[in-house]
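Quick notes on the structure that follows.
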């Protein structure tokens, strides 16, 4: 199971079962966890019957428990709604992927998805085996930073996209996921984890690394001993660092005077936690499998933002705030698109969604995260994270190309 598939099942399990996903590997009945998840989805559908992403997830889990006909009926019910819900290989529909009727429905859903002009490529890296998951931008030096999953390192690029290593081999990094620049204090933070690698089965390691932006020196390694698999990272205005743990559905944080990351709220409080960002006035938002959550930084409690039934915000990876709106890269309920999410009522609900870049971009192949710079969300277009295997190998490596950073224009601010 590659990193992308692992994280999909992991976050969906956390979203509906308070992390009972572990039983997928341990239960005598291999379908027990899937059936339990299905029951939870169906209960939520009683509360939100027109929520398209719940219909989509129910279809996926019906196929997992052998109810293929019902799965296709559920997918067929999404036709005409133009929600951007398009099954993606290895993400929930393996049991029906080769079914002719399934492919017909999938193609019909794909044909309905919004078409957009192809955004320009800001720059392209040369190394096809970098497989980056996270990216950050330093506005002071005008440099981009990217982290590599298989090479366990951080690279830095200049304005022309020429890259060099930023971290050193002696830093002893694991796979690098989320990155966040703290320009005000001259730091960059990086998530280092082996939570989805084979090595994590015997010794799990989760830490946030802090580097000096100017000289690239590793200044601190902050452990998260309770974490299972850290994912993304964000910095509060006061310098407190927050990080998501996708495996346990939890947010961890470290205040400026602390040395380790500790749990914020209860384990599983933020089910399906992935992308994370702060608004300019200090509101903490986290992506969930079913939408976007607003986290109370005092208690750790999370409130899923209400949204119209015409909007799908589930399945977002990277999440960013700019000019009053949220921006996301949606890559598990869609092959990969970039959206701008309008907020209303002081950021307490979703008012609408605009597709800035559709999955049809020729350089999109598992887009993951981005960094806002130069009037665009600069997105890792072809991360190839699905090619990275738990044993450290890269599947079909000869097929890969250098990483394309796609500069998706930010669009027009919402009026809400």
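I'm spelling it out carefully: the read-out is semi-axes √(5λ) of the Cα gyration tensor in Å, the candidates are (i) 30, 23, 22; (ii) 36, 29, 24; (iii) 35, 26, 18, and one was derived from this structure. Which label?
Given (i) 30, 23, 22; (ii) 36, 29, 24; (iii) 35, 26, 18, the calculated one carries the label (i).
Relative to the longest principal Cα axis of the chain, at what angle does helix 52-64 sit, 0 to 90 degrees, rounded to 10?
80
What value, in deg cm²/dmol to 500, does the helix sum -39500 (n - 2.57) over DSSP H runs of n ≥ 4 give at 222 nm once divided by the residues of the chain?
Theoretical 222 nm ellipticity from helices: -5000 deg cm²/dmol.
Obtain the nm distance between the two label points defined at residue 220 and residue 35 by a simple spin-label model: each point lies 7 Å from its Cα along the Cα-to-C-beta direction.
4.9
Give me the angle, in degrees from 0 to 90, between the Cα long axis of helix 100-112 and the longest principal axis of the Cα atoms of the chain, rounded to the nearest 10.
The helix 100-112 is inclined about 60 degrees to the chain.
If I stretch the segment between residue 354 and residue 90 completely, what's the gain in nm (0.36 nm per residue apart, minus their alpha carbon distance), one decimal?
Stretched out fully, the residue 354 to residue 90 stretch lengthens by 92.4 nm.
Between residue 199 and residue 299, 0.36 nm times their residue separation minus their Cα-Cα distance comes to what?
Result for the pair: 32.7 nm of gain on full extension.
Does segment 228-351 classify as rounded, prolate or oblate by the C-alpha gyration tensor (a ≥ b ≥ c root eigenvalues; a/c under 1.5 gives rounded; else a/b over b/c gives prolate, otherwise oblate)?
prolate
Stretch residue 108-residue 165 to full length: gain in nm at 0.36 nm per residue minus the Cα-Cα span?
16.1 nm
Let me know the shape class of segment 311-416, please: from the alpha-carbon gyration tensor, a ≥ b ≥ c as square roots of the eigenvalues, rounded when a/c is under 1.5, otherwise prolate if a/b is greater than b/c, or oblate.
prolate
If I model a spin label as a point 7 Å beyond the Cα along the Cα-Cβ vector, how far apart are those points for residue 124 and residue 77 in nm?
4.4
Distance between the C-alpha centers of segment 312-350 and segment 31-81? Whole Å please.
23
How would 257, 325, 158 line up from fewest to most surrounding beta-carbon atoms within 10 angstrom?
The order, fewest Cβ neighbours first, is 257, 158, 325.
Using only the Cα atoms of segment 157-242, build the gyration tensor, take square roots of its eigenvalues as a ≥ b ≥ c, and label the shape rounded, prolate or oblate: rounded if a/c is under 1.5, else prolate if a/b is larger than b/c, else oblate.
oblate
The numbers here are math on the coordinates, done by the rules we state, and not lab data. As the structure is a prediction and not an experimental result, all values here were calculated from the model. Ideal geometry is used to build each Cβ from the backbone, glycine not excepted, and the neighbour counts take in all protein chains shown.
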